[in-house]
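Just so it is clear, none of the values below were taken in a lab; they were calculated from the coordinates. Because the structure is predicted, anything quoted here is derived from the model rather than measured. So basically every Cβ, Gly included, is an ideal-geometry build from the backbone, and we count neighbours across all protein chains shown.
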Amino acid sequence: MKKVAAFIILTFLSFTTISAAEAPPASLHLELGKDTLALAEPTTLEVEIVNLMERELLLDNLSMFQLDDSPYRFSLFLVTPNAEEWPYVGPRYKVEITYTPDTKLYLSLPVEKAIARVMPLWWTTFLPYKYQVALEKLHPGTYKLFATYLLPEQNGLDNVTIYSDTLEFVFLPLNKKHLPVLLEMDSLWNSFLTLSGSEIRPALERIRDSETPYSEGAHAKLIGGWVRGYDSFVVEKARFNKQYPESPYEILFLVDQASRALVSHRSLEADSLYRLLNGMSPTHSAVLKYHNRVRLLTAREARSAK
């Protein structure tokens, strides 16, 4: 992945001030599954935070790298070829959740360690309305992507936002043979933004079967969203892997399968899957949590750790 402007910017909100000579508390890095894409082609995004301090770094455990949960600590921004900046807007809903005192709201990352997550990335949620309903009108060219992460308040680090390095990727010009598939993708926009959901399955199946660059992302979304039973998931995952060897979605499937194995009380199988995941992505949050390489803290424990 080509990265540009590879620097860490710290934005300090409210009354926080730290000398520019001081070392940043953490770095934030992004990597796409592919850096040359068909116009509006879905892909994956890996996000990683590295602790640069000489003590443990407190992070949010529940929505650290999630784009569709509230509150939003992690934010993602797309910069167009003509320098317009489009933020990820997420689904148009808000769910109020009350956590118990025993909920592990925070995560403590050890010194010089990293934690990462891989997520699917559909471009619809970045775009102004005129493109959400007409992806085929999106301009080709070189785009940029960057992210921010608001650190939880902790000793000496109140209201500190970390900026990621900035990466570049390319949207290729529209292949006219793909226009019918993009029109199918146009029909998904309302479901992506409002979570009005099940009616999108037929469209996703048509995109999956289209044998275009959009097929892989649609196939992955169908497996993750509609395959329920563990054995059925394993079968569908094997079919996907045969069709898309070395796919960037493989890490997403491994995390999902390992979690399903635990829920299904298949502890030996889960252990094997987490070992495999560790070999592919040793800093993945699922790996770190499974092997107890990070401490999970309640709000009270986090306050006492400050």
Comparing LEU188, LEU276, LEU121 in a Gaussian network model of the chain (Cα, 10 Å), the one with the largest mean-square fluctuation is LEU276
The computed P(r) of the range 129-206 puts the percent of Cα pairs beyond 16 Å at 68 percent
antiparallel share of DSSP beta bridges within the range 3-305, to nearest 5, in %, is 95 percent
Rounded to one decimal in nm, the spacing of the 7 Å Cα→Cβ label points at ASP209 and ASN82 is 3.9 nm
Note on the chain: alpha-carbon gyration tensor, axes a ≥ b ≥ c; rule is a/c under 1.5 for rounded, else prolate if a/b larger than b/c, else oblate; result oblate
Those helices of the chain passing the 15 Å axial Cα length cut-off and the mean Kyte-Doolittle cut-off of -1.0 (DSSP H runs only) are 215-226, 230-243, 250-263, 267-280
Compactness check, the range 143-298: C-alpha Rg relative to the 2.2 N^0.38 Å globular estimate gives 1.28
Each label sits 7 Å from Cα toward the beta-carbon; between ASP231 and ALA305 the label points are separated, in nm, by 4.1 nm
If the label point sits 7 Å along Cα→Cβ of LYS289, residues of the range 221-238 with amide N under 19 Å come out as 224-225
Summing -39500 (n - 2.57) over every DSSP H run of at least 4 in the chain, dividing by its residue total and rounding to the nearest 500, the 222 nm mean residue ellipticity is -8500 deg cm²/dmol
In Å, the C-alpha Rg and Dmax of the range 31-82 are 14.6, 44
With 0.36 nm assigned to each residue of separation and the Cα-Cα distance removed, ALA238 to SER259 gains 5.9 nm
Going fewest to most other Cβ atoms within 10 Å around each Cβ, ARG208, ARG239 line up as ARG239, ARG208
Checking rank on 265-271, 114-120, with mean other Cβ inside 10 Å and highest first, the result is 114-120, 265-271
The distance between the Cα centres of the range 242-298 and the range 147-204, in whole Å, is 23 Å
